[in-house]
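Here's the structure, in structure tokens; my notes come after.
The values are calculated or read from the model by the stated rules, or taken from the named source; none is laboratory data. Since the structure is predicted, the reported quantities are computational estimates derived from the model, not experimental observations. Cβ atoms come from the backbone with ideal geometry, glycine included; neighbour counts cover every protein chain shown. Keep in mind that these areas ignore ligands, DNA and RNA; they rest on the heavy atoms of the full protein, side chains included. Shrake-Rupley method; radii C 1.70, N 1.55, O 1.52, S 1.80 Å.
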Amino acid sequence: PLLRQNHNDSKAILYEAENFQGRKFELSDDYPSLQAMGWGNKEVASIKVNSGAWVAYQYPGYRGYQYVLERDRQNGEFKKYNEYSSQAHTNQIQSIRRVQH
């Protein structure tokens with residue numbers, strides 16, 4: 001049988017600089033606006049997905065370019081914004097939410 005991912009166990013860490021450097025913020029919930037929750041930048045330069053799957057969006061309110069970030073891809077380590085997707089043209093991420101399985 002298929003194992004269901006517990007949505008409450010989804011965890012990721014955002015970093016302000018490439019290669020997991022600089023200020024970081026740990027996520028375990030959906031954020032329609034990263035700036036409203038205290039992330040000072042419009043950019044996220046690297047991300048670690050510790051568990052679950054996430055969709056990151058270019059703009060607040062889950063709008064703009066979308067990047068699916070999964071623990072199963074690249075060991076969940078996205079060291080530079082262009083590793084988010086082959087279509088990633090910017091490191092601008094302003095909202096993020098968990099993917100429910």
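So in the range 53-77, with the set limited to residues that are modelled with pLDDT of 95 or more and in a loop (DSSP other than H, G, I, E, B), which one is nearest to residue 94 (Cα to Cα)? Top of the filtered list is 60.
Considering only residues that are in a helix (DSSP H, G or I) and either at pLDDT 95 or above or of a type in the set (Phe, Trp, Tyr) (or both), which ones fall in the range 3-27?
Taking the range 3-27 and keeping what is in a helix (DSSP H, G or I), we get 7-9, 18-20.
Within the range 3-27, 18, 19, 20 qualify.
Which residue is nearest to residue 58 (Cα to Cα), if the candidates are limited to the range 6-24 and must be open to solvent by 60 Å² or more (accessible area, probe 1.4 Å) and under 14 Å from the mean Cα position of the chain (by Cα)?
Pass one, the range 6-24, residues open to solvent by 60 Å² or more (accessible area, probe 1.4 Å): 6, 8-9, 11, 16, 18-19, 21, 23-24.
Okay, now just the ones that are also under 14 Å from the mean Cα position of the chain (by Cα), so 11, 16, 18, 24.
Working: 11: 20, 16: 15, 18: 17, 24: 18 Å.
Out of the qualifying residues, it is 16.
Every condition in (1) within 16 Å of residue 11 (Cβ to Cβ); (2) open to solvent by less than 80 Å² (accessible area, probe 1.4 Å) is met by residue 38 except one, and the failing one is (1).
Here the condition is being more than 10 Å from the chain's Cα centre (by Cα) and of a type in the set (S, T, N, Q); of 74, 94, it holds for 74 alone. For the range 83-101, residues that are at pLDDT 95 or above and of a type in the set (A, V, I, L, M) total 2. Taken over the range 28-49, the residue count meeting the criterion of being modelled with pLDDT under 95 and assigned to a strand (DSSP E or B) is 1.
Pairing each residue of the range 61-87 that is within 24 Å of residue 36 (Cα to Cα) with any residue that is open to solvent by 70 Å² or more (accessible area, probe 1.4 Å) and in a strand (DSSP E or B), provided the two are 6+ apart or on different chains, yields C-beta distances under 8 Å for 62/97; 81/43.
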